[in-house]
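Q: Could you have a look at this structure, given as structure tokens, before my questions?
What follows is calculated from the coordinates using simple rules that are stated; it is not laboratory data. Note that the structure is predicted; figures quoted are calculated from it, not measured. Glycine also receives a Cβ, built like all others from the backbone with ideal geometry; neighbour counts cover every protein chain displayed.
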Amino acid sequence: MVSCTFADSAAPRHQSPQFSAGKFRNPVPMFKQSAAEMAGLMWTFLTGKNKNTVPSGVIPVQALTRAQLLAAPDNTLFRLGHSTLLLKLDNAFYLTDPVFSKRASPVQWAGPARFHQPPISIEELPPLKAVILSHDHYDHLDHASILALAAKTEQFLTPLGVGERLVAWGIDAAKVSQLDWWQERKVGNVRLVATPAQHFSGRGVTDGNSTLWASWVFEHKDLRVFFSGDTGYFDGFKAIGEKFGPFDVAMLETGAYDKQWPDVHMQPEETLQAFLDLKGKWLMPVHNGTFDLGLHAWHEPFDRIAALATARGVLLTTPEMGQALDLRDPAPGKAWWKRVDPTPG
């Protein structure tokens, strides 16, 4: 299947198998907290979080320049923070979930603040072949970043409904393509497929699940890369692995998890199982190290996934922010997070 452009996107939203009774839905109903549980969780976030959810030391960042990126070989990835990844494929650049603002929040005077600066500014970035979005939450879809990237981005690929937000913000509709699960788009010589995820969407109190969420498959020649976006563990990973695996590198969310929201983010044990379902060769944990979005220590996702990978003999790559990663021959990377806090809790 191919994607739909913005111009003809109204019908696909309502024709989508994921759309029912005015909302996008996961195939399996998710756990839903009671009002009292939600209130208790909000109170914990406001008053009961441990201080080690934020690093006391400095996150290492390898600064990047446009010249470095232009000179980098094909099949190179640069992690810019959280779930923002820059991939160089076929001598062109593809950027996922760009968030360059200080805070992952509807306002810049409150909300989760960055632990580190981006390795490169938007102004210094080279022209982008495509920006690929997984869903519309603030730590993945940043209004200021999208507007700043508009002039240098050839195409924006989004799940259904998210593209309409971009156009409402002033992005040229001709640049926007919206995809349902299992739909695909060829951008240059790179095949991009929107694949299932188990999550939710919304940017306010009244627009919950009005847009779709997705993971993404990147294919170029014989290279295959997977980007999870945000997701809980579900049987869709096995279907994706059967259809598109094995993957050279799988970038899988490992962070902001908790037993109180079990369906929308994965515990590290589930991340490892998802990787095995996908038939991955190298696991790269993302959705960590940039924002305080959970109740666990900021470094816990790295500690847990590293221990699990060692125990299961899984190849794990953990580049520093801004460090170049060869997608065909990744390096394991050092446990850089252990050097940040002198006495991690």
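Q: With N residues in the range 111-223, what two-decimal value do you get for its Cα radius of gyration over 2.2 N^0.38 Å?
A: Values: Rg = 14.3 Å, N = 113, 2.2 N^0.38 = 13.3 Å.
Rg over 2.2 N^0.38 Å, computed on Cα atoms: 1.08.
Q: Over the range 213-345, what portion of Cα pair distances is larger than 24 Å, expressed as a whole percent?
A: Working: 2176 of 8778 pairs.
In whole percent, the long-distance tail amounts to 25.
Q: Please list, in chain and number order, the residues 5+ apart from LEU315 or on another chain whose amide H is under 5 Å from its amide H, with Hs placed from the backbone.
A: Correct list: LEU283.
Q: A further question on this structure: With bins 5 Å wide starting at 0, give me the P(r) of the range 241-300 over every alpha carbon pair, in whole percents.
A: Over the range 241-300, the share of Cα pairs per 5 Å bin runs 4, 19, 27, 22, 15, 9, 4, 0 percent.
Q: Only Cα pairs under 8 Å and at least 6 apart count here; give the relative contact order of the chain as a rounded whole percent. Write down the numbers at each step before the final one.
A: Working: 749 pairs, mean separation 69.3, N = 345.
Answer for the chain is 20 percent.
Q: Dipole of the chain, Cα-centred, from +1 at each Lys and Arg C-beta and -1 at each Asp and Glu C-beta, to the nearest 20 debye?
A: On the way: 33 positive and 35 negative charges, 43 e Å.
Dipole size: approximately 200 debye.
Q: Right, something else. Eigenvalues of the Cα gyration tensor times 5, then square-rooted: what semi-axes does that give for the range 77-135, in whole angstrom, largest first?
A: On the way: eigenvalues 103, 27, 19 Å².
Listed largest to smallest, the semi-axes of the range 77-135 are 23, 12, 10 Å.
Q: For the chain, state the average projected area of the convex hull of the C-alpha atoms over all orientations, rounded to one decimal in nm².
A: Values: hull surface 65.1 nm².
Directional mean of the projected Cα hull area for the chain stands at 16.3 nm².
Q: Something else: What residue among VAL167, VAL131, PRO301 has its Cα farthest toward the positive end of the dipole of the chain, where the charges are +1 on Lys, Arg and -1 on Asp, Glu, each on the Cβ?
A: Result: PRO301.
Q: Once you charge only the Cβ atoms, +1 for Lys and Arg and -1 for Asp and Glu, what is the size of the charge dipole of the range 302-345 about its Cα centre, to the nearest 20 debye?
A: Details: 6 positive and 5 negative charges, 27 e Å.
With only Lys, Arg, Asp and Glu charged at Cβ, the dipole is about 120 debye.
Q: List the residues, sorted by chain then number, that are 5 or more residues from VAL61 or on another chain and whose placed amide H is less than 5 Å from its amide H.
A: For VAL61, no residues qualify.
Q: How big is the charge dipole of the range 197-345 about its Cα centre, in debye rounded to the nearest 20, if each Lys and Arg gets +1 on its Cβ and each Asp and Glu gets -1 on its Cβ?
A: Values: 14 positive and 20 negative charges, 69 e Å.
So the dipole magnitude of the range 197-345 works out to roughly 340 debye.
Q: If you take every residue apart from TRP336 with its C-beta less than 14 Å away from the C-beta of TRP336, what net charge results, scoring Lys and Arg +1 and Asp and Glu -1? Intermediate values should be presented prior to the final figure.
A: Numbers: positive: ARG79, LYS334, LYS338, ARG339; negative: ASP303, GLU320, ASP341.
Result for the neighbourhood of TRP336: +1.
Q: Using a cut-off of 13 Å between alpha-carbon atoms, which aspartates and glutamates can reach LYS23, once sequence neighbours fewer than 8 places away in the same chain are excluded?
A: Of all the aspartates and glutamates, those that pass the test against LYS23 - Cα under 13 Å, at least 8 places apart if same chain - are ASP207.
Q: Check cross-link reach from LYS259 to the aspartates and glutamates: straight Cα distance under 20 Å, and skip same-chain residues fewer than eight apart.
A: GLU37, ASP230, ASP235, GLU269, GLU270, ASP292, GLU300, ASP303
Q: Putting +1 on Lys and Arg Cβ atoms and -1 on Asp and Glu Cβ atoms, find which of SER16, GLN155, PHE234 reaches farthest to the positive end of the dipole of the chain.
A: Positive-end residue among those listed: GLN155.
Q: Just round it to a whole percent: the fraction of Cα-Cα distances in the range 185-245 exceeding 19 Å.
A: Pairs farther apart than 19 Å: 39 percent.
Q: While we're looking at this one, here's another question. From the alpha carbon gyration tensor of the range 207-273, can you work out the equivalent ellipsoid semi-axes (sqrt of 5 times each eigenvalue) and give them in Å, largest to smallest? Don't skip to the answer; put the middle values down first.
A: Numbers: eigenvalues 102, 44, 21 Å².
Ellipsoid semi-axes (Å, largest first): 23, 15, 10.
Q: Quick one: Cα centre-to-centre distance for the range 174-240 and the range 135-172, in angstrom?
A: So the two Cα centres are separated by 15 Å.
Q: What is the Cα convex hull volume of the range 49-95 when expressed per residue in Å³?
A: Details: hull volume 4.0 nm³, N = 47.
Dividing the Cα hull volume of the range 49-95 by its residue count gives 84 Å³.
Q: Any of LYS102/LYS129; LYS152/LYS175; LYS152/LYS186 with alpha carbons more than 22 Å apart? Name them for me.
A: Details: LYS102/LYS129 25 Å; LYS152/LYS175 11 Å; LYS152/LYS186 19 Å.
LYS102/LYS129, as the Cα separations exceed 22 Å there.
Q: Let me ask another. Give the lysines reachable from LYS334 as a straight Cα distance under 19 Å; neighbours fewer than 8 places away on the same chain don't count.
A: LYS281
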